[in-house]
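Shown next, in structure tokens, is the structure this report addresses.
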Amino acid sequence: MKEHVVVISGAGPTGLMLAGELALAGVDVAIVERRPNQDLAGMRAGGLSARTLEVLDQRGIVDRFLAEGQIAQVTGFAVTRLDISDFPTRHNYGLALRQKHIERILAGWVEELAVPIYRGRDVTGFAEDDIGVTIELSGGASVRAGYLVGCDGGRSLIRKIAGIEFPGWDATTSHILAEAEMEEEPPLGIHRTALGMHAFGREEYEIRDGKVVFASEGPINVMVTEKTVGGTGEPTLSDLKEALIAACGTDYGIHSLKWISRFTDMSRQAAAYRKGRVFLAGDAAHVHSPVGGQGLNTGVQDAVNLGWKLAQVVKGMSPEALLDTYHAERHPVAARVLRATMAQVALQRTDDRTEALREMITELLGMEEPRKRIAAEMSGLAIHYDLGKGHPLLGRRMPDLELTTPDGPLRLFTLLHNARPALVNFGAPGSVDITPWSDRVTLVDARYDGPWELPALGIVSAPAAVLIRPDGYVAWVGDGTQDGLQDAMNSWFGPAG
């Protein structure tokens, strides 16, 4: 029986990101994936948010995505675009890039890190004991792991077998997505009618002056609202024709389906992200409407929160209790995502009262303060882990500053490329001592003379030192003394060796 320290079920964006994080930390990790290769049929997520781009930049791989995607102001709330070009981040934009490309690029990175992927296999069951998990695979094989992570989607088998509840709200809307040929050219773009939203597009597109311009030939991508909610199983071509006729008065002579699927606004969240040696991340932990493009981004950031914590525990550096901070930090983030997506679905309704509400929300979002606050939330830049009272940086993302160091200029995110924590000392060289942790935490004496500015919060006072976790969040802020530093080191990076 093959053995690994961590086994991940699912090689979607969340599973791939987690595998990369663990491999960077030197952990023996493997992925089990039902698809025979990384190919992905159908329309899934369509881009990366500003914070996810920062996370990829922290690992030194963002350029791979920027080279293939299209930069645009894609942050929005319901039908209102929110410009973040004035936000204090190197990535003050979103990146339009289809999920199949995001997965392919992540899979290439994971391959470079030599992570084995058992393809064409399903996890069919598992049993946990005191020292690990035995995982049954389709075809009769089994693997052994210290920990199992379910990144296996909204219908997660891992979640079901672990007996983790998935409370939430049933669907109120249902849409069919498909790619097919059409005899007549439909009106490309997004349309709202009394029945709901529908849209037509093509696989190939360009973003010009902030507008999507689709290719003039090729199969048509369709999204159309269904009249009734509660359809189960795969929708058919006749279901699609019926929905198109109801919405548009014609089915445009649709034929030759390439693929078809259904999505709803069902919103649910796992009651626990961890149970013993089993974790959930991505859609296995939270599902919601795709409006606002939150799902993939939230999942990738789940992975980056969990990866370094799991690595420290399996390497014996940190006690098991560190793993509980994964649920404590990420569950509230996804709860806010569910709230935001449910609000946006409500605003997309087509009755006159909702129209009046939408007009008022649009007016509000035209004002500076509400725009900044909601845009920071929708772009992931406002995430704030509750690490107690203190400087505004505490528990928030560390900005990617241009530092001056004794060895020359240094971009802060480069300190995080190897997924190790870092302490940046802006005071007198040698004024911060972390000798007992020097093998775990990179210490840099640096100078930074520019403003300290955080998205939506604005200018904050300059810290004397900052302790940065591998996920890029600030774990301690110094005021010129070492007060609280030892406690922060112990809590996040384990007792001194």
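The values are calculated or read from the model by the stated rules, or taken from the named source; none is laboratory data. Bear in mind the structure is a predicted one, so any value in this text is a computation, not a measurement. Counting neighbours? That spans all protein chains shown, and the Cβs are built from the backbone with ideal geometry, glycine included. Just the protein is used for accessible areas: all its heavy atoms, side chains included, with ligands, DNA and RNA removed. Shrake-Rupley method; radii C 1.70, N 1.55, O 1.52, S 1.80 Å.
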Options 217, 234, 242: the member that is surrounded by 15 or more Cβ atoms within 10 Å (Cβ to Cβ) and either farther than 13 Å from residue 175 by Cβ or in contact (Cβ under 8 Å) with a residue 60 or more places away in the chain (or both) = 242
query = Is it the case that some residue within the range 423-443 is loosely packed, with under 15 Cβ neighbours inside 10 Å and modelled with pLDDT of 95 or more?
reply = no
ask   = Could you give every pair whose Cβ atoms fall below 7 Å, whose first residue belongs to the range 255-267 and is under 18 Å from residue 241 (Cα atoms), and whose second residue is in a strand (DSSP E or B) and among the acidic types (Asp, Glu), counting only separations of at least 6 or pairs across chains?
value = 255/181; 256/181; 258/179; 259/179
request  = State whether one or more residues within the range 278-291 are touching a residue at least 60 places away in the same chain (Cβ under 8 Å), open to solvent by less than 40 Å² (accessible area, probe 1.4 Å) and farther than 29 Å from residue 324 by Cα.
outcome  = yes
message = Given the criterion farther than 22 Å from residue 340 by Cα, charged (D, E, K, R) and in a helix (DSSP H, G or I), identify the matching residue among 63, 39, 86.
response = 63
message = Can you find a residue that is surrounded by fewer than 17 Cβ atoms within 10 Å (Cβ to Cβ) and of a type in the set (Val, Ile, Thr) anywhere in the range 472-490?
response = yes
task = Please go through the range 196-214 and pick out each residue that is open to solvent by less than 50 Å² (accessible area, probe 1.4 Å), without any contact (Cβ under 8 Å) to a residue 60 or more places away in the chain and more than 15 Å from residue 97 (Cα to Cα).
result = 198, 199, 200
remark   = Of those in the range 445-497 that are part of a strand (DSSP E or B) and without any contact (Cβ under 8 Å) to a residue 12 or more places away in the chain, the residue farthest from the chain's Cα centre (by Cα) is 459
ask   = Applying the selection to the range 245-262, what residues are within 31 Å of the chain's Cα centre (by Cα) and of a type in the set (D, E, K, R)?
value = 258, 262
query = Which condition breaks for residue 21 when tested against (1) among the acidic types (Asp, Glu); (2) over 20 Å from residue 293 (Cα atoms); (3) assigned to a loop (DSSP other than H, G, I, E, B)?
reply = (3)
ask   = Tell me, which residue of the range 109-136 that is more than 23 Å from residue 50 (Cβ to Cβ) and in a helix (DSSP H, G or I) is least open to solvent (accessible area, probe 1.4 Å)?
value = 110
ask   = Assuming residue 106 fulfils every condition listed in (1) open to solvent by 40 Å² or more (accessible area, probe 1.4 Å); (2) closer than 24 Å to residue 56 by Cα; (3) of a type outside the set (D, E, K, R) apart from one, which condition is it?
value = (1)
remark   = Among the residues of the range 45-65, the number that are farther than 11 Å from residue 96 by Cα, in contact with a helix residue (DSSP H, G or I) (Cβ under 6 Å, 6 or more places away or on another chain) and open to solvent by 10 Å² or more (accessible area, probe 1.4 Å) is 1
Selected residue (criterion: farthest from the chain's Cα centre (by Cα)) from residues of the range 197-244 that are at positive phi and not acidic (Asp, Glu) = 218
message = Where the second residue is open to solvent by 70 Å² or more (accessible area, probe 1.4 Å) and in a loop (DSSP other than H, G, I, E, B) and the first is under 11 Å from residue 444 (Cα atoms) and lies in the range 416-430, which pairs have Cβ atoms under 9 Å and are six or more apart or on separate chains?
response = 426/462; 429/406
inquiry  = On the basis of being under 30 Å from residue 336 (Cβ atoms) and modelled with pLDDT of 90 or more, does residue 262 make the cut?
reply    = no
task = Could you please tell me which pairs satisfy a Cβ distance under 6 Å, a separation of 6+ or placement on different chains, a first residue in the range 333-352 that is touching a residue at least 40 places away in the same chain (Cβ under 8 Å), and a second residue that is of a type in the set (Ser, Thr, Tyr) and outside any loop (DSSP other than H, G, I, E, B)?
result = 334/298; 337/298; 338/267; 342/267
query = Of everything in the range 12-32 that's over 17 Å from the mean Cα position of the chain (by Cα) and open to solvent by less than 10 Å² (accessible area, probe 1.4 Å), which residue is farthest from residue 141 (Cα to Cα)?
reply = 29
